[in-house]
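Below you'll find the structure, written out as structure tokens, and then a few comments.
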Amino acid sequence: MQSDIFVYMDSSSPAILESGPLTGKRVAVQPNMSVRGWPTEAGSVALRGFVALEDATVVERLRQAGAAIAGSVRMSELGFGLVGDTGARALAEGQADIVLMTDVMGEARVAAAAIGTFGFKPSYGIVSRFGLIGLVPSMESFGILANSPEEIAAVMRVIAGRDDRDFSMPECKTPDFSQVRENQEPMRGIGVVRECVEALDPAESRAFREALCRMEEAGLKVEELCLGDFDLFRTVHNVIGAVEASSSSGKYDGVRYGHRTAVARDWNEMYLRSRAESFGLLLKTYLFQGAYFQFENYAAFEKACALRARLLEETAVLFKKVDALAFPAIRQSFPPSKANSIQEIYEACALTLCANVTGQPSIVVPGFVLAEEGGLGLQIAGPHLSDARLLSFAFRLTNSAKGVR
Amino acid sequence: MNMEYEAVIGLEIHVQLNSAAKMFCDCPNRPGDEPNKNTCPICLWLPGYIPKFSQEALEKAALVCLVLNCHLERQSAFDQKVYYYPDLPKGYQLSQAHQPLAKSGWLDIAGEDGRPKRLRIRKIHMEEDVARLVHETEGRTPISLVDFNRAGTPLVEIVTEPDMRGPQEAMEFVRTLRTQIRYVGSSECSLEQGSMRVDANVSLRPRGSNQLNTKVEIKNMNSIRNLGEAIAYETSRQMGSLQSGEAITLHTRLWDAEKRLTVPMRGKFEGPCVPDPSVAQILISDELLNDLRSRLPEMPQPKTERFIKQYGLAEEEAMLMSSERDVSEYFEAVVKRNISPRTATHWLAAQMLPALKERNESLRDTPVSPERLASLLAMLEKDEVNANSAKEVLTRLFDSDQTPEAIVEQYGFKQVSGASELEELVDQVLAANPSAVNNFRSGQAKALSFLIGQAMQASQGKANPKRIREILMARLI
């Protein structure tokens, strides 16, 4: 069954547990997240007809906790950009209580900010990627949209933690998501990156500064910090992201599944035509960028990798001074749902992709950064594995500053 | 070879590891099974699956590095070698380009002048093998089929320094390398069966110079002999080019074993190598390293020396008994049962190994266990059977589970050594062959062999030839 929000719906999704922590919650997924027996085309002709053989670990854990997997929403091709994505609408229109969205450069958080709700990207490596048909393996993770930080924490408590089917997960202690309302060490010092603020237009800047004032009123210490390389996040993400996308999309050959061209003289032509007919122009351009760095300008890719390491170090220095960093989530001037080119997509996600480059957790809190045309979302990014503290912070901030829209 | 030039040769050797499972999944590592039997979503690279690096493959690879005297890197990583071909459906091969498993090794070989020569190994890295393509026709349409059984078989690639100067050295290097790797049980290293593939880079330079000139890569040699021939051919081909003033260009050539020459190959596309984000860094801990070292067996060279000292074998015999681990273990198992080392060596080399080859069996799976062979050899040494009968018994040991004693009993192979029986036999032979007796007495030594042969025949091969000879001599002189 389909609708304008869901590309596939399953009304018969069985509830495994009648009194699990997520019993009664309807979860919407994207069709690049494997649900056994469901069409899993990831928004691309390249995967046409592909049906998942097994549940993704995340899906399996959600079901075991009592959640119902309600359906999979429409998504952009392989999750690149947000045009055509209906995940946020599923939540806004009450079709789902929780939405899982792939967060490659902030899509989940940007989509949450655009509809004025909570969006979260966990620390890299604490949620299994088994069953996720990804695009940029070193940056992406499952993102979560929900109407409260507690719901996000409840989901994280279920899905986070080691999985013996995702062998790429590093050894680390999974944060404790059980006590988000209390018992977490509170965050006090919040940093603001000067170079980020300077890049905002006047209206955005005004809205962001007002939000900062409200945070100070709530008892937080806001400190302005310098991060001279702030501009580089975007370039680094673009170069590494395109290269990884090019590699990870190499497997879409149209031979074993997906679209296969009707006529070809030999296998080489069959590949070329199948791929040419499968990918949309936007994704093709991104893959082409990646191939350029792989084949023609490897030195630039190596440079981007070195810069990524430097950005990680510089961010670590900032987290010695403050508990978390605050940014707006979206730009008023770059609406994500209309971002149709690589440049526009990167503009729309310019403030969220930092956390994908560093692998750090980040949450978007609605109701704080309010511009004339709508909320921009207050994004709080914390150091690696500070996920539970971030969610706790979002909870307290929301509840201590009542009276906001 | 022209005096002015010398060949500079380096090798790139791929070795298929014989691990039970593939490199990134749990599928059986049996490429030869019925096509596409040993596959799973990981080695088919279906979307959503994540490779699982095999500890077993790592250990087999690391043992190869250790027996080739390489420095094992504590930290190594996989890269994606990007190229598109139907045998590689994910568009890249997982290999180690930037951070290989091991570096800086060496092997000592017997050089062409007979003196030991040390050949350096630059690096050893792991990679996955790709699928196998089968080209057929369906009616009149040519079709290509892909067999994924081999996709994900663990490989190590061994890259040498360009230290070899001729085909003999290259062949000797590969032989030595094969012996070392087979000893640690990481691979069979068979060029003929494809578990080892050797490519050679060949260039020429004026003798005495240190420069490295443009090289030509040669491939497709499926035996050590072909490797030697291909290098020799390529050396003289390049020499011809240089003498006629043609420049050598960087390219790849295929050895044609039928025509015995190398032919240029279509240029191969060399893709880039990008760090792989899905396979975690490979770390070798002190603990693992110590464990691997403790698993190294006694290697052929020290074993040869020990066999000479401990068992009094000649150097050649000792090398013969130690060049294969299975042979050396079998040999010692026989000797342990109080068989003289020389008898054991002789019977293993001259009888057992040829018989196994003929029967396509190996020392591991043959019914002729060391215990059974030792029982037979014990009877031989006690003069209960003679050598001819013992060979007959050995043949029967392969096809029955009877003890050697029972076979000797059943078929009447027991050697006739009783003095009176033999003396009677000799007297009959002497009486029947007066002319041979005369010949011997007039100085023809050959006549003695004839008379021994007659006596053996008369005993239906069961007489003790040594005793026959003694009695004959006593009678004739």
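The values are calculated or read from the model by the stated rules, or taken from the named source; none is laboratory data. None of these values were measured; they are calculated from a predicted model. Cβ sites come from the backbone with ideal geometry, for glycine too, and all protein chains shown count toward neighbours.
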- Where in the stretch B:25-143 are there strands (runs of 3 or more DSSP E), lying fully within it, with 1 or more residues that are more than 14 Å from chain A (Cβ to nearest Cβ) and basic (Lys, Arg)? B:102-110, B:116-128, B:132-138
- Candidates A:VAL7, A:VAL29 - the one that is among the hydrophobic types (A, V, I, L, M, F, W, C) and within 13 Å of another protein chain (Cβ to nearest Cβ): A:VAL29
- Message: Residue under question is A:ALA299, and the condition is that it be in a loop (DSSP other than H, G, I, E, B), more than 9 Å from chain B (Cβ to nearest Cβ) and either in contact with a Cys (Cβ under 6 Å, 6 or more places away or on another chain) or free of Cβ contacts under 8 Å to residues at least 40 places away in the same chain (or both); does it hold?
- Response: no
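Taking the condition away from chain B (no Cβ under 14 Å), in contact (Cβ under 8 Å) with a residue 12 or more places away in the chain and more than 21 Å from A:PRO361 (Cα to Cα), does A:ARG63 pass?
Yes, satisfied.
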- Please work out which residue is farthest from the other protein chains (Cβ to nearest Cβ), limiting yourself to the stretch A:236-269 and to residues that are assigned to a helix (DSSP H, G or I) and modelled with pLDDT under 90. A:ASN268
- Can you name the condition, by its number, that A:THR358 falls short on among (1) touching a residue at least 60 places away in the same chain (Cβ under 8 Å); (2) surrounded by 17 or more Cβ atoms within 10 Å (Cβ to Cβ); (3) more than 14 Å from chain B (Cβ to nearest Cβ)? (1)
- Query: Which one of B:LEU296, B:LEU227, B:LEU289 is of a type in the set (A, V, I, L, M), surrounded by fewer than 17 Cβ atoms within 10 Å (Cβ to Cβ) and assigned to a helix (DSSP H, G or I)?
  - Reply: B:LEU289
- Message: Against the conditions (1) over 21 Å from the mean Cα position of the chain (by Cα); (2) within 14 Å of chain B (Cβ to nearest Cβ); (3) over 30 Å from A:LYS303 (Cβ atoms), where does A:ASP163 fall short? Just the number, please.
- Response: (1)
- Item | Scan of the stretch B:35-55 for residues that are touching a residue at least 12 places away in the same chain (Cβ under 8 Å) and surrounded by fewer than 18 Cβ atoms within 10 Å (Cβ to Cβ), ordered by number | B:PRO35, B:ASN36, B:LYS37, B:CYS40
- Can you confirm whether the stretch A:95-116 contains a residue that is modelled with pLDDT under 95, within 25 Å of A:GLY24 (Cα to Cα), in a loop (DSSP other than H, G, I, E, B) and within 15 Å of the chain's Cα centre (by Cα)? no
- Name the residues in the stretch B:1-21 that are under 23 Å from the mean Cα position of the chain (by Cα) and assigned to a loop (DSSP other than H, G, I, E, B), would you? B:LEU17, B:ASN18, B:SER19, B:ALA20
- Test B:ILE248 against the stated conditions and say whether it is within 30 Å of A:ALA291 (Cα to Cα), in contact with a strand residue (DSSP E or B) (Cβ under 8 Å, 6 or more places away or on another chain) and either in the same structural domain as B:SER203 (by TED's automatic domain parsing) or hydrophobic (A, V, I, L, M, F, W, C) (or both). no
- Task: Go through the stretch B:244-255 and give me each residue that's of a type outside the set (Phe, Trp, Tyr) and touching a residue at least 12 places away in the same chain (Cβ under 8 Å).
- Result: B:ALA247, B:ILE248, B:THR249, B:LEU250, B:HIS251, B:THR252, B:ARG253, B:LEU254
